[in-house]
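Data block below; observations after.
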Amino acid sequence: MNPLEKLLAAGQLAKAHAEAKKVLAHQPANREALVVLAKLTLLEGKLPQAEELIARLEAQGPSGDAVLLRANIAAQKGQLDVALKGYQQVLAKEPQRAEAHFGRGMMLIKQDKTEQALEALAKAVQSGPDNAVFRYRLGQVQLEAGKDEEGLATLRQVIAQQPGFMPAYLSLSHALASRDDLLGAKRVLEQGLKALPRHPRLLASLTVLSMALRDVNSSYKAASALAAQRPKDPDAQANLAQLMLARGQFPQVLHLCRTMDSLGLATESLKMAEATCYEAQEPPAYDKAVEAYEAGMGLAPDGWRAANNLGQLLLRMPSEPEGQHLPRALTVLEEAVRRAPQRPEPLLNLALALSRTGQEAKAREQVKKVLALPLPETDEVRQEAVRLEQALAKA
């Protein structure tokens with residue numbers, strides 16, 4: 001596996017994108033870089049750009065890579081039979097081609113051929129054992145098929161194989177939470193934060209889960225009952241949405257949020273839950289998540305949470321060129337601080353954004369404001385502020 005493919009397999013998409021662009025800048029016909037950049041462009045749903053890259057690849061002669069990429073385009077267009085035919089065409093010549101087994105498995109899932117899909121995905125893992133994405137999707141499909149023990153074990157293997165593969169922590173945590181093992185789900189997120197310190201999505205999930213842990217089963221049952229009794233009560237629905245998020249019930253949460261929106265009863269909390277669902281999609285629907293947070297800001301002119309979360313989202317969203325979303329993140333986080341100047345979370349996030357834009361002096365000012373607040377030594381935000389202060393001192 002070439003270095004670019006290794007980055008892709010490890011889930012380091014932003015780095016793979018940057019490296020592929022560098023290679024093509026010096027070697028416009030480099031096949032490996034064209035293939036990887038085409039794959040990444042497809043992940044972003046940019047079909048015209050992907051087709052242009054594939055055409056450049058095909059100009060160098062027929063190849064299994066080009067057939068695979070064409071099959072991926074057909075899949076995104078909903079042409080399942082065409083895509084399946086492409087994957088099978090590659091497998092006829094390269095029986096051990098892991099990507100072809102994987103693509104075939106994904107098409108079979110969409111055709112509700114679960115057992116065949118599982119078999120294809122298992123072959124993909126066998127042929128490409130170092131690819132965390134293949135194993136990750138196998139685990140997800142095993143869970144969807146009701147093979148709980150196998151699915152949980154597979155997701156744990158992903159984490160053991162690639163400790164930095166963040167989606168595996170979220171999926172495993174959600175799977176455990178949906179089976180009422182909230183303590184187990186919490187431990188998985190804590191493990192993820194050791195491998196990926198301060199990762200916003202892991203922190204957000206851990207926060208929601210910690211809230212639910214105050215009373216595991218009865219809180220969910222009570223929230224469900226209250227929401228059923230008060231279908232037009234935004235607070236009751238938002239409370240249920242938060243507990244459902246902790247259990248990984250994203251489709252149900254999205255339906256709930258859209259229903260309340262259609263009734264003209266959307267709130268900041270519901271829009272934030274909606275945004276979380278969009279970001280949890282594969283691939284993440286970042287544009288929709290941003291729109292939901294913006295709507296949440298408008299619904300609560302004095303609220304700081306949607307603005308704070310939008311700022312965090314902009315900080316972690318991939319972009320080309322890198323750092324494209326930083327100016328907007330700064331603006332949004334400054335607004336969050338304006339709305340709640342004594343809240344430590346937006347102050348800390350603004351400091352992080354400033355540090356990423358090279359404004360160390362201003363970042364230090366924000367950190368000092370956080371540390372001046374009456375927060376206990378064990379408070380996570382305070383501890384993070386201390387770590388950032390130490391990092392800035394070395395800059």
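The values are calculated or read from the model by the stated rules, or taken from the named source; none is laboratory data. The model shown is predicted, which means the values in this text are computed figures rather than measured ones. Please note: Cβ atoms are built from the backbone with ideal geometry, for glycine as well, and neighbour counts cover all protein chains shown.
A few notes on this one:
- Pairs, first assigned to a helix (DSSP H, G or I) in the range 379-395, second among the β-branched types (Val, Ile, Thr) and at pLDDT 90 or above, C-beta under 8 Å, six or more apart: Val381/Val370; Arg382/Val370; Ala385/Val367; Ala385/Val370; Leu388/Val367; Glu389/Val367; Leu392/Val367
- When the range 222-239 is filtered for residues that are part of a helix (DSSP H, G or I) and within 19 Å of Glu268 (Cβ to Cβ), the ones remaining, listed by number, are Ala223, Ala227, Pro234, Asp235, Ala236, Gln237, Ala238, Asn239.
- Hey, Ser319 among the hydroxyl-bearing types (Ser, Thr, Tyr) and either under 18 Å from Arg198 (Cα atoms) or part of a helix (DSSP H, G or I) (or both) or not: no
- Matching residues in the range 42-61 - criterion: being of a type in the set (S, T, N, Q) and in a helix (DSSP H, G or I): Gln49
- Evaluating Arg230 against the criteria (1) under 27 Å from the mean Cα position of the chain (by Cα); (2) of a type in the set (D, E, K, R); (3) farther than 23 Å from Leu176 by Cα leaves one unmet condition, (1).
- Look at the range 120-147: where a residue is surrounded by fewer than 19 Cβ atoms within 10 Å (Cβ to Cβ) and a partner is not in a helix (DSSP H, G or I), sitting 6+ places away or on another chain with Cβ atoms under 9 Å, you get Gln126/Gln96; Ser127/Pro95; Ser127/Gln96; Ser127/Arg97; Asp130/Met1; Asp130/Ala10; Asp130/Gln162.
- Candidates in the range 280-294 are the residues that are surrounded by 20 or more Cβ atoms within 10 Å (Cβ to Cβ) and modelled with pLDDT of 95 or more; of these, the one that is farthest from Arg356 (Cα to Cα) is Ala292.
- Residue in the range 240-260 that is surrounded by fewer than 24 Cβ atoms within 10 Å (Cβ to Cβ), over 27 Å from Ser178 (Cα atoms) and at pLDDT 95 or above present: no
- The selection criterion, being within 25 Å of Ala273 (Cα to Cα) and assigned to a helix (DSSP H, G or I), does not hold for Leu371.
- Positions within the range 265-293 being among the small types (Gly, Ala, Ser) and part of a helix (DSSP H, G or I), in sequence order: Ser269, Ala273, Ala275, Ala280, Ala289, Ala292
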